[in-house]
Amino acid sequence: MVAIRKMTPLRDTHSDPDSDEAAHSLDHLEAQGPMSKGQGDFAEFIASFTIVDQLIEREFKSFVTSRHGMSPGEVRILMALRRAGPDQLLRPTDLFKSLLVTSGAVTKQLDRLESRGFVRRVVNEKSKRGWLVVLTASGRNATDRILGRTSMPIAKGIFSSLSPTQRAEILRMLHSVVRYIQEHTRDNPID
């Protein structure tokens, strides 16, 4: 018989900086114990990913909004274009597939970034239809400023608490998980 326990959802503590509920969410998870024999490792694996995602996303949103006046989605587009290299033109389709967001979300974010002078849309010369997106010099500078600051407390804590070897191992394992999901997901959104 499988014991079913109600998991306590995490409150949005972003608006309450004195709350330490999110900081202790892993303790809560471990205290609940496995759901049933054989399923505990998997449940803890998924719950741990969820906790990490929620904590980092909350910190990232606060950081980019308060310090840079941008949404996390806008910053992710800038970072994707920056990773593509100088003068690299990307299709909006490439952006929404790699960032796992809708085409409408990318369009809105590109509109805002273009109005700030961070990106430019140019006609796709190969197909004569559609647009390509390029990061402007101003966009490169803004992205470099954002990436150059390591003032996100969670990011600082993660990187300072792990050795370079541990960080490399975590990245290797995360890449393995992503590759497995990509290979075994029928409707792979990153293709």
Original post:
Inside segment 55-83, can you point out the residues that are in contact (Cβ under 8 Å) with a residue 40 or more places away in the chain, more than 12 Å from Ile146 (Cβ to Cβ) and in contact with an Asp or Glu (Cβ under 9 Å, 6 or more places away or on another chain)?
Top reply: Arg58
**OP:** Please report, ordered by residue number, the helices (runs of 4 or more DSSP H) entirely within segment 61-173 with at least 2 residues that are more than 26 Å from Thr185 (Cβ to Cβ), of a type in the set (Gly, Ala, Ser) and out of contact with any Cys (no Cβ under 9 Å at 6 or more places or on another chain).
**Re:** 137-148, 153-161
Original post:
Any residue at all in segment 179-187 that is modelled with pLDDT of 90 or more and not aliphatic (A, V, I, L, M)?
Top reply: no
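Just one of Gly117, Gly157, Gly139, Gly148 is under 21 Å from Arg67 (Cβ atoms), at pLDDT 90 or above and loosely packed, with under 13 Cβ neighbours inside 10 Å; which is it?
Gly117
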Original post:
Does Pro86 satisfy the condition of being modelled with pLDDT under 80, surrounded by 13 or more Cβ atoms within 10 Å (Cβ to Cβ), more than 21 Å from Ile181 (Cβ to Cβ) and not acidic (Asp, Glu)?
Top reply: no
Original post:
Which pairs have Cβ atoms under 7 Å, sit 6 or more apart or on different chains, and link a residue in segment 116-130 that is at positive phi to one that is outside any loop (DSSP other than H, G, I, E, B)?
Top reply: Gly117/Ser138
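The values are calculated or read from the model by the stated rules, or taken from the named source; none is laboratory data. Worth saying up front: this structure is predicted, and the values here are computed from it rather than measured. Ideal geometry is used to build each Cβ from the backbone, glycine not excepted, and the neighbour counts take in all protein chains shown.
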